[in-house]
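Worksheet for the structure shown next.
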Amino acid sequence: MIENQIYATITLYMEEDTMDSTDTSLRISIPVDEATTGPFDSYLMDSFGRSLLKELQENSRLSVAELSRRVGLSPTATAERLRQMEEQGILRAYTVTIDRQALGLDVLAFIRMTCDGQHYYRLLEFIQTLEEVRECHHLTGGDAFLLKVTTLSMGDLESLIEALLPYGNPVTSLVLSTPIEGRPFNVTGKLTSAPRRNRPGRRR
């Protein structure tokens, strides 16, 4: 039924290859499956949007002109789509990845922290001040936090662990190697490759 459908607005850009004038646009509304809607405007995650994300994950330094050529949109439409993705928070940052060992950070480790309610917020405030902490994840289960840390040496890691002791019980795992790191999201294909188990039917 029409009253149960959700509609998304799409802006279509039309331009003549030989004209330098401002593009004209046409706004249309199409029904969107309610199950696919989320915190972001659904039309931004269409095939063009996903293609943009794929290209930017591979090389965030691509120009708008090159991006438009690769995804099949006009430069104006591409720039507008990027702007909207930034406003929606889909694109959170354009950044670079630095090899930590180039900075002398040879030690990589994960520290699981357990702490009681008395020390919980004090620990959270303290780890905000630690340069060695690269990531912090709040966990369910017995551990309160999972910290990803880098240090110059094993001695520095030992000092970091000692600094955490007043706030709880740290359990440390050293990273020997990293077979997969910073894998880009598969935005244009299946979102998971793990086989799904067949759910048993309900008994009546």
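The values are calculated or read from the model by the stated rules, or taken from the named source; none is laboratory data. A quick note: this is a predicted structure, and the numbers were derived from the prediction, not measured. Here the Cβ positions follow ideal geometry from the backbone for every residue, glycine too, while neighbour counts run over all protein chains shown.
Name the single residue, out of those in segment 128-138 being under 22 Å from the mean Cα position of the chain (by Cα) and surrounded by 13 or more Cβ atoms within 10 Å (Cβ to Cβ), that is nearest to residue 104 (Cα to Cα).
Among those that are under 22 Å from the mean Cα position of the chain (by Cα) and surrounded by 13 or more Cβ atoms within 10 Å (Cβ to Cβ), it is 132.
Residue check, residue 129 against (1) among the β-branched types (Val, Ile, Thr); (2) part of a helix (DSSP H, G or I); (3) assigned by TED's automatic domain parsing to the domain that holds residue 169, all met but one. Which one?
It fails just one condition, (2).
Okay, residues lined up against (1) loosely packed, with under 10 Cβ neighbours inside 10 Å; (2) at pLDDT below 95; (3) assigned to a strand (DSSP E or B):
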{"position": "7", "(1), (2), (3)": "no, yes, yes"}
{"position": "20", "(1), (2), (3)": "yes, yes, no"}
{"position": "26", "(1), (2), (3)": "yes, yes, yes"}
{"position": "40", "(1), (2), (3)": "no, yes, no"}
{"position": "68", "(1), (2), (3)": "no, no, no"}
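Return the pair list, or none, for Cβ contacts closer than 7 Å from residues in segment 122-136 that are touching a residue at least 24 places away in the same chain (Cβ under 8 Å) to residues that are assigned to a helix (DSSP H, G or I) and not hydrophobic (A, V, I, L, M, F, W, C), at least 6 apart or on different chains.
Matching pairs, first to second residue: 122/167; 123/167; 126/167.
Can you name the number of the only condition in (1) assigned to a helix (DSSP H, G or I); (2) surrounded by fewer than 17 Cβ atoms within 10 Å (Cβ to Cβ); (3) modelled with pLDDT of 95 or more that residue 157 fails?
(2)
Applying the selection to segment 79-113, what residues are closer than 25 Å to residue 178 by Cα and of a type in the set (S, T, N, Q)?
Result: 95, 97, 101.
For the list (1) touching a strand residue (DSSP E or B) at 6+ places or on another chain (Cβ under 9 Å); (2) within 27 Å of residue 50 (Cα to Cα), I need the number of the one condition that residue 123 fails.
So the condition that residue 123 fails would be (2).
Of everything in segment 78-121, what is farther than 30 Å from residue 61 by Cβ and either among the β-branched types (Val, Ile, Thr) or touching a residue at least 12 places away in the same chain (Cβ under 8 Å) (or both)? Give them in sequence order. Before the answer, list the steps.
Of all residues in segment 78-121, those farther than 30 Å from residue 61 by Cβ come to 107, 109-121.
The answer is 107, 109, 110, 111, 112, 113, 114, 115, 116, 119, 120.
Let me spell it out: the conditions are (1) surrounded by 12 or more Cβ atoms within 10 Å (Cβ to Cβ); (2) under 28 Å from residue 53 (Cα atoms); (3) not charged (D, E, K, R), and residue 111 meets all of them except one. Which number is the exception?
For residue 111, the failing item is (2).
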